[in-house]
Amino acid sequence: MGKSESFKELCVKTLKESGARLTRPRMALIECLAHSKVPLSPKVILQKTAEQLDEQESIDAVTVYRILDRFSELGLVHQVAPNGDYIACTHLACEASTHIMTHCTSCDAASEIHVPEEVLAPMLWYLKSQNQFEPKKHLFQLDGICARCQGKAKT
């Protein structure tokens, strides 16, 4: 099963469990995010989603923002800095898993990399013991150049 299929299945399952309806606009937005390899702005998501819907099922900017807010609350999407564009979450247990969002400043690709707990344990210990700060949610992003863009630079 590919990334887009697992993301779609996760969204449907999560929305059903949360009591949300599976509307055509939501499904179109899921489809849009599932097939994107780069973060998308709400404006681009609106354009791509609107193309999938007919006139009776049209979508507007307010609806896109509401859906994205809900998806964000449910852990289905992440915002990527610096623009705040959205990308599908590729980790099925995001809250239980420590991961880092990587963002290529050359091609704008973004992905999540799972980080073993023992790698970040010293940082979490430092925050808790030396700064009396108890992390509850994380958003850790590193900007840099992806392997593909590095390869292009060498040729």
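Note on region 74-155: the alpha carbon radius of gyration divided by the globular reference 2.2 N^0.38 Å gives 1.26. Would you mind calculating the gained length between Arg21 and Asp108 on full extension (0.36 nm times residue separation, minus the Cα-Cα distance), in nm to one decimal? Net length gain for the segment: 28.1 nm.
Among the chymotrypsin sites (Phe, Trp or Tyr not before Pro) in region 49-155, those placed in a DSSP loop whose Cβ has at most 16 other Cβ atoms within 10 Å are Phe133, Phe140.
Take the Cα of Ala147, step 7 Å toward its Cβ, do the same at Val38, and the gap between the two points is 2.1 nm.
Per-residue ellipticity at 222 nm from helix content only, as computed over the chain with -39500 (n - 2.57) for each DSSP H run of at least four residues, stands at -15000 deg cm²/dmol.
Straight-line cross-link partners of Lys137 among the lysines, defined as a Cα under 18 Å from its Cα and at least 8 positions apart when in the same chain: Lys128.
Remark: region 27-99 carries a charge dipole of roughly 280 debye about the Cα centre, counting +1 on each Lys and Arg Cβ and -1 on each Asp and Glu Cβ.
Using a probe radius of 1.4 angstrom, the carbon and sulfur fraction of the accessible surface of region 38-155 is 55%.
With Cα atoms as the point set, region 15-155 shows a radius of gyration and Dmax of 17.5, 57 Å. Can you pick out the pairs among Lys8/Lys48; Lys13/Lys136; Lys43/Lys152; Lys13/Lys48; Lys8/Lys152; Lys48/Lys152 whose Cα atoms lie more than 26 Å from each other? Check vs 26 Å cut-off fails for Lys43/Lys152; Lys8/Lys152; Lys48/Lys152.
Is region 1-91 rounded, prolate or oblate when judged by the Cα gyration tensor, a ≥ b ≥ c being the square roots of its eigenvalues, rounded requiring a/c under 1.5 and prolate requiring a/b larger than b/c? In terms of gyration-tensor shape, rounded.
Only Lys, Arg, Asp and Glu carry charge here, each on its Cβ (+1 for the first two, -1 for the last two); on that basis the chain has a dipole of about 200 debye about its Cα centre. Solvent exposure of region 42-143, expressed per residue, is 65 Å² of accessible area, with all protein chains present and a 1.4 angstrom probe. Note on the chain: with a GNM built from Cα contacts shorter than 10 Å, the maximum mean-square fluctuation among Cys107, Cys89, Cys11 falls on Cys107. Under 5 Å from the amide H of Val77 lie the amide H atoms of Ser72, Cys89, each residue being 5 or more positions distant or on a separate chain, with H modelled from the backbone and absent for Pro and chain starts. For trypsin sites (Lys or Arg not before Pro), the sites in region 11-96 that DSSP calls loop and that have at most 10 other Cβ atoms within 10 Å are Arg21.
The values are calculated or read from the model by the stated rules, or taken from the named source; none is laboratory data. Predicted model only: the values in this text are computed from it and were never measured. Heads up, the Cβs are rebuilt from the backbone with ideal geometry, glycines too, and the neighbour counts pull from every protein chain shown. Surface accessibility is based on the protein's heavy atoms, side chains included, excluding ligands, DNA and RNA. Shrake-Rupley method; radii C 1.70, N 1.55, O 1.52, S 1.80 Å.
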